[in-house]
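Q: Quick one: the structure is below, questions incoming.
Each value in this text was obtained by applying a stated rule to the coordinates, not by laboratory testing. No experiment lies behind these values; they were computed from the predicted model shown. Cβ placement follows ideal geometry from the backbone for every residue including glycine, while neighbour counts extend to all protein chains displayed.
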Amino acid sequence: MENNKSTKQKKTETLDEVVIHFAGDSGDGMQLTGTQFTTSSAIAGNDLNTFPDFPAEIRAPAGTTYGVSGFQIHFGSRKIHTPGDRSDVLVAMNPAALRVNLKHLRDGGIIIANNQGFTPKNLKLAGYEKNPLEDGSLSNYQVYRVDVSKLTANALEDLNLGSKVVERCKNFFALGLMYWMYDRPVEPTINWIKDKFKSKPELIEANTRALKAGLHYGDITEIFTTRYEVKPAKLEPGTYRNITGNAALALGFITAAKKSELELYLGAYPITPASDVLHELSQYKNFNVKTFQAEDEIAAITAAIGASYGGSLGITATSGPGMALKMEAIGLAVMMELPLVIADIQRGGPSTGLPTKTEQADLFQAIFGRNSEAPVCVLAAATPSDCFNIAYEASRIAIKYMTPVILLSDGYIANGSEPWRIPKAKDLDTIPVKFHTDPENFMPYSRDEKTLARPWAIPGTPGLEHRIGGLEKQDLTGNVNYEPENHQKMVNYRAEKIERIADDIPDVEISGEREGDLLIVGWGSTYGSITSAVERSRAKGKSVSQIHLRHLNPFPKNLGEILYNFKKVLVPELNMGQLSTILRSKYLVPAISYNKVQGLPFKAEELENKIDELLRG
Amino acid sequence: MADTAVKEQKKYTAKDFQSDQDVRWCPGCGDYSILAQTQRVFPDIGVNKKDIVWVSGIGCSSRFPYYMDTYGLHGIHGRAPAIASGLKMARPDLSVWVATGDGDLLSIGGNHFIHACRRNIDLKIVLFNNQIYGLTKGQYSPTSEFGKITKSSPHGSVDHPFNPVALALGAECTFVARTLDRDPKHLQSIIKAAGEHTGTAFIEVYQNCNVFNDGAFFHLTEKGQKEDNVVALEHGKPLVFGANQDKGVRLDGFTPKIVSIDNGEYSKDDLFVHDENADNDVLAYILSRMTYDPELPTPIGVFRKTQKTTYDSEMQNQVNKAREKRSDGDLDELFNKGETWVVE
Ligand code: SF4
């Protein structure tokens, strides 16, 4: 590997974990820089967790604070659960990037600033009257002013490239410098460049040179005296790749379709932050995947229902506002008892809200959002890679119980990434599907004794011609029926069918003591923050137990028993207290809500403080 | 799904398409005729019963699937074209029909209708147009005439109506036709023609709601009136009408005019000759605009019939090609895509 082991006069310090935040203009290639650093760190054997911070505007004017694009990576030699509360290093390509992200940099943290980005114009755009690199206002930090643009231009001088092209290579210089500082392998990035610019050899040369120039700069310049080492983490043996939540979701659905031998059909309408599910799945037509970009959210789900009726695994993916539009159709799928998975990648609301920011306030919508008694199964993914498992689990339940399943993810884990231990396809269970074919005494609304699922009888089957729809069904025959007793019976059936799923899901696992003073109950994307907070509290000698719910309707059967064994139950949520309300009403426990709705995830330290407070009080 | 050739089957009769459900429309409703003509003509469309699906939305007309002994899905208000689209994409082997009404298709479901048309997805959409909301007991609909007095418009509706045929043409529908509930033969022939078309086929059926809008189309359906008010479109034939077939429609520039063909001034050769396959949709559009012109007869028949690739077959082609060209869905390969690393 080409890392520079020959550095002599510089000392090396070993660190357990580091958080780096790359920030610049939307056009500065910070997402690319971040993902390259991620791959390299993964290959170096670290555990890690990342989060991109895109501007809400598509092409915000250059140099503005609202045009800042960032990427945070947290990597370490121990288990990493979150992208990190605060960064240790801020790479700022311009003053706006500094202004926006300085508040997340820890005291004494490192700032690497691109000198050429701090022009009078950019300073003004970012709202600085004086250059913060010069006015002493950053004395709490270690500031390194690096001529990133200039040094990049020098390195590429003889290539005769346009100045715009040269300027676009500067992120590789910054990346090279960070590779030097944290002793990362550069080969993966060089290979990536070669592949990416296959047809443009001059860009291969330019970007590779910029990368190496950054790397060598760290080595020869005198301003850096220390480089850092972060040893490999102890990860479970296996083959890994880095994966975002939305990509994992797509793979989970494909796997479920393959393992059930069904065609996968996605109906979707573009919406942030769910569109990547559509983008991902549309690439995999060779897996018998059909993706339909519908005219609206309602068409997206109703088309998926049509596909399920025809014998496909119908799914749809959306976010809060789209979810609201789909509710009537979910009710139809409840009534027709067809398999359907609805993935809701939550974002800040209400209404259009904060499209690019995260929140978990659609739990009520998922569980209660329809007219009348319309129970559905609700699941939530805990981490980016867990999206794979949860997509598979949602599909399994939908098929086995002939029911819509709502799958909750959110912007934080949808775009965030972490290493995923790649499973072997043959180790994954098949999902048995039996289309009904026997016309003898066929009853569209007869039920499986155990699951209460009705038969899946698809068009094209001789002798099974029958009609279903949104009007109340008569038990067994499925004919339209308005009789009082029948309605009660069918409402009960639909409710019990969902309840019985509890027999088919694992008990929730408890981390820590089985009884005690404090239990933390989480769900969804807060898993990482809660786990970090709990680990830190335990490191201080405190006894805190933790459970994390992936099944939210129905709950795992042992949930009540666990709750009753603790004096205090804390429920941290990125909403105003939705799960805690449900737990209080269902189990009559005085669950304590801890809420935050700022479009941001919890910081582990916020939760740690709350734990301290509760254990004191 | 095997496409069982109908030839191997016994020839169906209308009875084979009657389900065991009691038909519950108001006595005298035009829907009965649409159902009866459909059941009569379906043995001739050449599709096995098991491969036919009727999808509907909400409204009187949307009860239709319950009465057809085929597969059926009674959906939610306005969404039938979207449900049917998903079904057809997933199952291009099926013959998918939509039964819908003017409120269902043109009000709440307008968006799905125009998008189904522009995609040219292979659906047959039968619009039961009675120009009123029947199931909700008598409010004006998006096809009700301006000024219509109903329960919800006691001072007269100030909505201008849609012209469904013009709307379908504007949305690039490849088969656009109109027929009448009280003209069984014509109704049958149009259903059959729609069944033979590949791509979105739209049929507007003028349907009498004898409870809330009785007689809305009597000028087009009743003896003694219809002769002067209706002109039947026939491919390659001039537009002739009148009790004695003595009147015709002639194009004056882009304006259709009524002329006499029995007084020696004009002959059949001077008339507008209907070409349903014309590349250009201008003529079909001119015909569609005759609908609400009180001076002109209302055209019935096929306005336009053209060929275009269908959404469902294109979608299936992409899947087939991807499966030929790339590995046929190897999960391990998929999981290991991109940069991977091994932890020992
Ligand atoms: S209300 Fe009108 S359209 Fe509906 S069934 Fe009665 S007559 Fe027919």
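Q: Give the residue that is surrounded by the fewest Cβ atoms within 10 Å (Cβ to Cβ), with candidates limited to residues of the range A:185-206 that are in contact (Cβ under 8 Å) with a residue 24 or more places away in the chain and more than 13 Å from chain B (Cβ to nearest Cβ).
A: A:Glu202
Q: Please find, within the range A:428-444, the residue that is nearest to A:Ile305 (Cα to Cα) out of those that are in contact with a helix residue (DSSP H, G or I) (Cβ under 8 Å, 6 or more places away or on another chain) and surrounded by fewer than 19 Cβ atoms within 10 Å (Cβ to Cβ).
A: Of everything passing the filter in the range A:428-444, A:Val433 is nearest to A:Ile305 (Cα to Cα).
Q: Residues being among the polar types (S, T, N, Q), touching a residue at least 12 places away in the same chain (Cβ under 8 Å) and in a loop (DSSP other than H, G, I, E, B): count how many of those fall in the range A:402-457.
A: Residues that pass the stated criteria total 5.
Q: In addition: Would you mind finding the one in A:Glu337, A:Glu393, A:Glu418, A:Glu359 that is over 20 Å from the mean Cα position of the chain (by Cα) and not hydrophobic (A, V, I, L, M, F, W, C)?
A: A:Glu337
Q: When you scan the range B:120-139, how many residues do you find that are in a loop (DSSP other than H, G, I, E, B) and polar (S, T, N, Q)?
A: Adding up the residues that qualify gives 4.
Q: Taking the condition more than 25 Å from the chain's Cα centre (by Cα), surrounded by fewer than 16 Cβ atoms within 10 Å (Cβ to Cβ) and not hydrophobic (A, V, I, L, M, F, W, C), does A:Glu229 pass?
A: yes
Q: Being over 30 Å from B:Arg118 (Cβ atoms), surrounded by fewer than 17 Cβ atoms within 10 Å (Cβ to Cβ) and without any contact (Cβ under 8 Å) to a residue 40 or more places away in the chain narrows it down to one of B:Asn280, B:Asn244, so name that one.
A: None of the others qualify; the one that does is B:Asn244.
Q: Does A:Gly45 fit the bill of being surrounded by 24 or more Cβ atoms within 10 Å (Cβ to Cβ) and on the phi > 0 side of the Ramachandran plot?
A: Here the answer is no, as A:Gly45 does not meet what is asked.
Q: Another question, then. Given B:Gly30, B:Gly72, B:Gly103, which one is in contact with a strand residue (DSSP E or B) (Cβ under 8 Å, 6 or more places away or on another chain) and within 9 Å of chain A (Cβ to nearest Cβ)?
A: Going through B:Gly30, B:Gly72, B:Gly103 in turn, the sole match is B:Gly72.
Q: Continuing with this model, one more query. Does A:Thr451 satisfy the condition of being polar (S, T, N, Q), out of contact with any Pro (no Cβ under 8 Å at 6 or more places or on another chain), over 30 Å from A:Gly84 (Cα atoms) and within 14 Å of another protein chain (Cβ to nearest Cβ)? Steps first, please.
A: Values: polar (S, T, N, Q): yes; out of contact with any Pro (no Cβ under 8 Å at 6 or more places or on another chain): yes; over 30 Å from A:Gly84 (Cα atoms): yes; within 14 Å of another protein chain (Cβ to nearest Cβ): no.
For A:Thr451, the condition - polar (S, T, N, Q), out of contact with any Pro (no Cβ under 8 Å at 6 or more places or on another chain), over 30 Å from A:Gly84 (Cα atoms) and within 14 Å of another protein chain (Cβ to nearest Cβ) - is not met.
Q: Next question. When you go through (1) over 29 Å from A:Pro355 (Cβ atoms); (2) out of contact with any helix residue (DSSP H, G or I) (no Cβ under 6 Å at 6 or more places or on another chain); (3) among the hydroxyl-bearing types (Ser, Thr, Tyr) one by one for A:Ser312, which number turns out not to apply?
A: Here A:Ser312 meets the rest and fails (2).
Q: Next question. Against the condition at the interface with chain A (Cβ under 7 Å from one of its Cβ atoms), more than 16 Å from the ligand (Cβ to nearest atom) and surrounded by fewer than 24 Cβ atoms within 10 Å (Cβ to Cβ), how does B:Lys15 come out, does it pass?
A: No: the conditions fail for B:Lys15.
Q: What number of residues within the range B:94-108 are away from the ligand (no atom under 16 Å from the Cβ) and of a type in the set (Gly, Ala, Ser)?
A: Final tally of qualifying residues: 1.
Q: Restricting to the range B:50-64, give me the number of residues that are over 15 Å from the mean Cα position of the chain (by Cα) and within 15 Å of the ligand (Cβ to nearest atom).
A: Of the residues in the range B:50-64, 4 are over 15 Å from the mean Cα position of the chain (by Cα) and within 15 Å of the ligand (Cβ to nearest atom).
Q: Moving to a separate point now. Any residue at all in the range A:421-439 that is more than 14 Å from every other protein chain (Cβ to nearest Cβ) and in contact with a strand residue (DSSP E or B) (Cβ under 6 Å, 6 or more places away or on another chain)?
A: no
Q: Could you list all residues from the range B:173-186 that are within 21 Å of B:Asp102 (Cβ to Cβ) and more than 16 Å from the ligand (Cβ to nearest atom)?
A: If the condition is that a residue be within 21 Å of B:Asp102 (Cβ to Cβ) and more than 16 Å from the ligand (Cβ to nearest atom), then B:Cys173, B:Phe175, B:Val176, B:Ala177, B:Arg178, B:Thr179, B:Asp183, B:His186 are the ones that fit.
Q: Name the strands (runs of 3 or more DSSP E) wholly within the range B:195-310 that hold at least 1 residues that are out of contact with any His (no Cβ under 9 Å at 6 or more places or on another chain) and among the basic types (Lys, Arg)?
A: Counting at least 1 such residues, we get B:247-252, B:255-260, B:298-305.
Q: In the range A:112-121, how many residues are surrounded by fewer than 21 Cβ atoms within 10 Å (Cβ to Cβ) and either within 23 Å of A:Gly218 (Cα to Cα) or in contact with a helix residue (DSSP H, G or I) (Cβ under 6 Å, 6 or more places away or on another chain) (or both)? I'd like the intermediate steps shown before the answer.
A: The first filter runs over the range A:112-121 and keeps only residues surrounded by fewer than 21 Cβ atoms within 10 Å (Cβ to Cβ), leaving A:115-116, A:119-121.
Subsequent filtering for residues that are either within 23 Å of A:Gly218 (Cα to Cα) or in contact with a helix residue (DSSP H, G or I) (Cβ under 6 Å, 6 or more places away or on another chain) (or both) retains A:115-116.
Number of matching residues: 2.
Q: Among (1) assigned to a loop (DSSP other than H, G, I, E, B); (2) within 14 Å of another protein chain (Cβ to nearest Cβ); (3) surrounded by fewer than 17 Cβ atoms within 10 Å (Cβ to Cβ), there is one condition B:Gly329 misses while meeting the rest; what is its number?
A: (3)
Q: One residue is enough: does the range B:140-149 have a residue meeting the conditions assigned to a loop (DSSP other than H, G, I, E, B), away from the ligand (no atom under 13 Å from the Cβ), of a type in the set (Lys, Arg) and over 22 Å from B:Ala201 (Cβ atoms)?
A: Checked against the condition, which is being assigned to a loop (DSSP other than H, G, I, E, B), away from the ligand (no atom under 13 Å from the Cβ), of a type in the set (Lys, Arg) and over 22 Å from B:Ala201 (Cβ atoms), the range B:140-149 yields at least one hit.
Q: If I filter the range B:188-217 down to residues being within 16 Å of the ligand (Cβ to nearest atom) and more than 19 Å from B:Ser288 (Cβ to Cβ), which single residue comes out as farthest from the other protein chains (Cβ to nearest Cβ)?
A: In this case the residue turns out to be B:Gly215.
Q: Say whether the condition of being part of a helix (DSSP H, G or I), surrounded by fewer than 21 Cβ atoms within 10 Å (Cβ to Cβ), of a type in the set (Gly, Ala, Ser) and out of contact with any Phe, Trp or Tyr (no Cβ under 9 Å at 6 or more places or on another chain) is met by at least one residue in the range A:345-352.
A: First, pick out the residues of the range A:345-352 that are part of a helix (DSSP H, G or I): none.
No, the range A:345-352 contains no residue that is part of a helix (DSSP H, G or I), surrounded by fewer than 21 Cβ atoms within 10 Å (Cβ to Cβ), of a type in the set (Gly, Ala, Ser) and out of contact with any Phe, Trp or Tyr (no Cβ under 9 Å at 6 or more places or on another chain).
Q: Another question about this same structure. Just wondering, is there one or more residues in the range A:66-77 that are within 14 Å of chain B (Cβ to nearest Cβ) and in a loop (DSSP other than H, G, I, E, B)?
A: Keep residues of the range A:66-77 that are within 14 Å of chain B (Cβ to nearest Cβ), which gives A:75, A:77.
Among the residues that remain, those that are also in a loop (DSSP other than H, G, I, E, B) are: A:77.
Yes, some residue in the range A:66-77 is within 14 Å of chain B (Cβ to nearest Cβ) and in a loop (DSSP other than H, G, I, E, B).
Q: Quick check on the range A:42-62. Is at least one of its residues away from chain B (no Cβ under 14 Å), part of a helix (DSSP H, G or I) and touching a helix residue (DSSP H, G or I) at 6+ places or on another chain (Cβ under 7 Å)?
A: The answer is no, given that none of the residues of the range A:42-62 is away from chain B (no Cβ under 14 Å), part of a helix (DSSP H, G or I) and touching a helix residue (DSSP H, G or I) at 6+ places or on another chain (Cβ under 7 Å).
Q: Moving on. Check B:Asn111, B:Asn129, B:Asn120 and return the single one that is touching a residue at least 60 places away in the same chain (Cβ under 8 Å) and more than 16 Å from the ligand (Cβ to nearest atom).
A: B:Asn120
Q: If you check A:Arg584, A:Arg514, A:Arg536, which single one turns out to be surrounded by fewer than 16 Cβ atoms within 10 Å (Cβ to Cβ) and either in contact with a Phe, Trp or Tyr (Cβ under 8 Å, 6 or more places away or on another chain) or outside any strand (DSSP E or B) (or both)?
A: On the way: A:Arg584 fails: surrounded by fewer than 16 Cβ atoms within 10 Å (Cβ to Cβ); A:Arg536 fails: surrounded by fewer than 16 Cβ atoms within 10 Å (Cβ to Cβ).
From the options A:Arg584, A:Arg514, A:Arg536, the qualifying one is A:Arg514.
One line per residue, one yes/no per condition, for (1) within 9 Å of chain A (Cβ to nearest Cβ); (2) out of contact with any Lys or Arg (no Cβ under 8 Å at 6 or more places or on another chain):
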{"position": "B:Lys268", "(1), (2)": "no, yes"}
{"position": "B:Asp279", "(1), (2)": "no, yes"}
{"position": "B:Tyr285", "(1), (2)": "no, yes"}
{"position": "B:Pro299", "(1), (2)": "no, no"}
{"position": "B:Lys305", "(1), (2)": "no, yes"}
{"position": "B:Ala322", "(1), (2)": "yes, no"}
{"position": "B:Asn336", "(1), (2)": "yes, no"}
